[in-house]
Amino acid sequence: MLLEAGFADESREQIRRILASETLRHADSLKRLFAYLAEKSLAGEAGALKEYVVGVDVFGKPQDYDPQKDASVRIQTGKLRQKLEEYYFKEGSRDPVRIEFPKGHFELHFRRNYAVHAGAVPQRRWKVAAFVLGAAWVATCAAWFLWRAGPGDSPTSEQRALWAPLLSDDRPVLICLGTPLFVKGPPGFFRSPLVNRWEEALESLDLEWMRADIAAGRATPVHIYTGVGDAMAAAEIARLLTAAGARFLLRRSSALSWEDLDNHHIVFLGPPKYTPRINEIPVQRDLVMEGRRIRNLRPRPGEPETLEGSWPDHSPHVLEDYALISRVPGLHGRTRYLILSASSTEGTAAAAQFVTDPRFAAELVRRVSGGSGQVPEFFDAVIRARFRAMVPVEMSYQFHHVLDWKAEPAHKQ
């Protein structure tokens with residue numbers, strides 16, 4: 001990363017500021033690593049760095065050092081990434097240059113902190129403005145949700161073919177919104193995409209800087225947020241169910257009980273990591289969400305083993321994602337589940353559009369039925385979506401698997 005002269009000088013001053021910070025005061029090894037990566041990044045050489053080279057140059061590893069057996073470099077880079085986030089969260093929040101350490105490589109990114117350059121709203125006024133805007137946003141979303149959930153056109157035959165198992169009786173359909181884990185502590189709310197259970201928070205490197213607060217009980221788990229795409233998906237599904245004359249209930253995933261799983265038809269929205277009980281349902285699946293990927297456990301000729309979307313470091317929004325549409329049996333086979341999952345909230349919204357929009361529903365029915373119109377009772381289907389500013393501009397069916405199911409599955413995923 002070669003910077004223009006003036007900004008390069010500002011960036012070097014920022015490097016010195018971080019090296020002298022309280023955050024890195026007792027972390028000599030992290031200081032060495034940061035200084036090394038910063039110089040390599042400014043020289044445009046960090047993009048080609050390998051783990052072995054960093055181990056030898058920074059940590060004095062022997063020539064026969066094997067990164068596959070010694071994970072210390074990965075551990076130290078993870079700690080440095082957390083320390084940089086902690087620094088900017090606390091003492092560096094007003095610094096003119098922001099240095100970021102994206103995952104996946106050793107190059108540091110330098111950018112101006114435009115919020116500082118443009119000036120800041122006084123703290124008290126900012127809090128009032130945030131509260132007013134937040135209240136307005138909640139009210140707007142609530143009004144939009146109620147409007148979208150109102151009666152629409154009667155479902156087409158293809159829409160009914162996709163939704164028939166969930167509309168087979170008079171019981172209400174439960175719409176389950178994924179609610180990821182946030183940690184609430186003295187500094188505020190924090191979310192790590194690698195931590196989805198409270199037990200993981202106690203061991204996570206991402207939350208190491210909050211460990212003292214966690215241990216002292218000053219930090220607690222909260223499940224009060226959901227993705228924008230998940231909320232939009234819920235509105236579209238509620239609208240379709242209303243048009244079909246079906247009743248529905250909303251439930252956050254953190255409040256989902258075993259009684260809910262046993263007694264309701266359920267539409268799950270969001271990745272399974274936000275709804276851990278999905279992984280405890282004894283149903284054998286061919287395609288599953290694993291982190292940011294869809295894993296194909298039984299690939300057929302021409303099918304990929306994994307699918308992963310695109311969210312570049314420089315982009316504020318995901319550019320492309322794959323979503324998984326799964327219709328599976330509920331507990332004991334008495335109910336049915338429709339699982340709409342993706343690694344991004346935009347992907348979840350795209351999956352919901354695929355099963356609620358008449359055009360895409362017709363395409364999905366044609367594909368999974370082989371043109372017969374008879375949709376298999378249980379299936380996994382993959383779709384691909386491209387986005388512009390969170391809006392799906394292109395969506396397409398990729399492939400599907402018909403799932404076999406017996407009354408008492410022997411396999412537990």
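The values are calculated or read from the model by the stated rules, or taken from the named source; none is laboratory data. Predicted, not measured: the structure shown is a model, and the values here were computed from it. Cβ sites come from the backbone with ideal geometry, for glycine too, and all protein chains shown count toward neighbours.
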Is it true that Pro329 is of a type outside the set (Lys, Arg) and without any contact (Cβ under 8 Å) to a residue 24 or more places away in the chain?
no
Candidates Asp64, Asp95, filtered to the one that is within 20 Å of Leu24 (Cβ to Cβ) and at pLDDT 85 or above
Asp95
Please work out if Ser21 is over 31 Å from the mean Cα position of the chain (by Cα), in a helix (DSSP H, G or I) and polar (S, T, N, Q).
no
Selection from region 60-86 of residues that are among the aliphatic types (A, V, I, L, M) and touching a residue at least 60 places away in the same chain (Cβ under 8 Å)
Ile75, Leu84
In the set Val402, Val391, Val328, Val368, which member is under 15 Å from Gln159 (Cα atoms) and either modelled with pLDDT under 95 or among the β-branched types (Val, Ile, Thr) (or both)?
Val368
Taking Gly92 as the residue in question, decide whether it is assigned by TED's automatic domain parsing to the domain that holds Ile18, more than 26 Å from Ala20 (Cβ to Cβ), in contact (Cβ under 8 Å) with a residue 60 or more places away in the chain and out of contact with any Pro (no Cβ under 7 Å at 6 or more places or on another chain).
no
In region 301-313, what residues are in a loop (DSSP other than H, G, I, E, B) and without any contact (Cβ under 8 Å) to a residue 12 or more places away in the chain?
Pro301, Gly302, Pro304, Glu305, Pro312
Of the residues Lys103, Lys79, Lys69, only one is modelled with pLDDT of 50 or more and surrounded by 11 or more Cβ atoms within 10 Å (Cβ to Cβ); which?
Lys79
Restricting to region 225-252, what's the tally of residues that are in contact with a Ser or Thr (Cβ under 7 Å, 6 or more places away or on another chain) and not in a strand (DSSP E or B)?
11
Any idea which of (1) at pLDDT below 90; (2) in contact with a Cys (Cβ under 9 Å, 6 or more places away or on another chain); (3) not small (Gly, Ala, Ser) is the one Leu269 doesn't satisfy?
(1)
Residue in region 45-59 that is in a loop (DSSP other than H, G, I, E, B) and surrounded by 16 or more Cβ atoms within 10 Å (Cβ to Cβ) present:
yes
